[in-house]
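To start, the structure itself, in structure tokens.
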Amino acid sequence: MKKNYEELDFTDDFMFCKVLTNNPELCHELLELVIGKKVGKFTRLDKQKPIEITADGKGIRFDVYSEDEQDIVYDCEMQTSGNDNLPKRTRYYQGMIDLNLIERGADYSELKKSYIIFICTFDVFGQGLHKYTFRNYCEEFPPLELDDESTKIFLCAGGEADDVSPEMKEFLDWMVHKRKGKSKFVKRLDEAVQKARNHEEWRLEYMTLLMRDNKMREEGRLAGRKEGRKEGRRQGRAESIIDSIRNIRDSLGLSVEDAMDALKIPENERKNYISKL
């Protein structure tokens, strides 16, 4: 069930995108906290950035997409449900980022260094860690990395290990349990969320999106009911024809083919009925 606008938290996609893209300094600080390195000045910062490579292909919509002056790409996603196959999603997202960055015929060296970050309210891999970082390496010689400059990071609020900084732990704790702690960064994030809840234009935008989604779901239900009625009529017609074939076959002693001839059933439909007799 969708929340009222006043109930939205940082973990809700709409609020997550609004807070980070309208407060670049907070987005910048969050990335540095996650990656553990300095992030250059943003050259772009987009919310819900869509990428459609082909007209009939499966496109994606990144939550918070950014690029910095060092030509590094960052995709930051909020994840509150464990139903999706997140490892496969990162693989697909990486491919879409690369396809979007490089033009046909361009050199592979033009691909940018990239980070795909999933901030999760649960432990994705069940190993008790707060942070899982993945890069490609050689199975036969693990110290050897492929050096394709692609990194996937999963932040997990459900971790238990002492594997991240106190500030990161406070961020993850605030994200799930709303405890602010002592972190100045967390306090600024919390203030940004509170301020966003009072933003009338964003409230209107959220309500408009909510009404659109509700309308689409209702249209889907109506279409499903209509299709269900059609399917019911098709099944009813098929059952009636099968009963007629049986009656003619049994009462007149005809073969199934002769019975269908008598009923003038088209050749292209007969297999369907024969299999049910």
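Quick notes
- Once the mean of 1/r is taken over each pair of separate Cα atoms and inverted, the range 2-140 shows a Kirkwood hydrodynamic radius of 16.5 Å.
- Reachable lysines, given that their alpha-carbon falls under 30 Å from the alpha-carbon of LYS271 and they are not under 8 places away in the same chain: LYS226, LYS230
- From helices alone, the chain scores -15500 deg cm²/dmol at 222 nm; the rule is -39500 (n - 2.57) for each run of n ≥ 4 DSSP H residues, then divide by the residue total.
- Under-17-angstrom lysine pairs by C-alpha in the range 89-173, whenever the two are 8 or more apart or on separate chains: 4
- In this structure the chain gives 62 Å² per residue of accessible area when probed at 1.4 Å with all protein chains present.
- Portion, in percent, of the accessible area of the range 61-151 that falls on carbon or sulfur, probe 1.4 Å: 45 percent
- Surface/4 of the Cα convex hull for the chain, nm²: 23.7 nm²
- Global form of the range 103-196, assessed from the alpha-carbon gyration tensor, a/c cut-off 1.5: oblate
- Only protein heavy atoms count here; on that basis, with a 1.4 Å probe, GLU201 has an accessible area of about 140 Å².
- About its Cα centre, the dipole of the chain is roughly 1340 debye, where the only charges are +1 on Lys and Arg Cβ and -1 on Asp and Glu Cβ.
- Label-to-label distance, nm, for residues given as LYS178 and GLU140 (7 Å Cα→Cβ offset): 5.6 nm
The values are calculated or read from the model by the stated rules, or taken from the named source; none is laboratory data. These numbers were taken from a predicted model, which means no experiment stands behind them. With ideal geometry, Cβ positions are generated from the backbone for all residues, glycine too; neighbour counts draw on all protein chains shown. Side chains included, ligands, DNA and RNA excluded: accessible areas come from the protein's heavy atoms. Shrake-Rupley method; radii C 1.70, N 1.55, O 1.52, S 1.80 Å.
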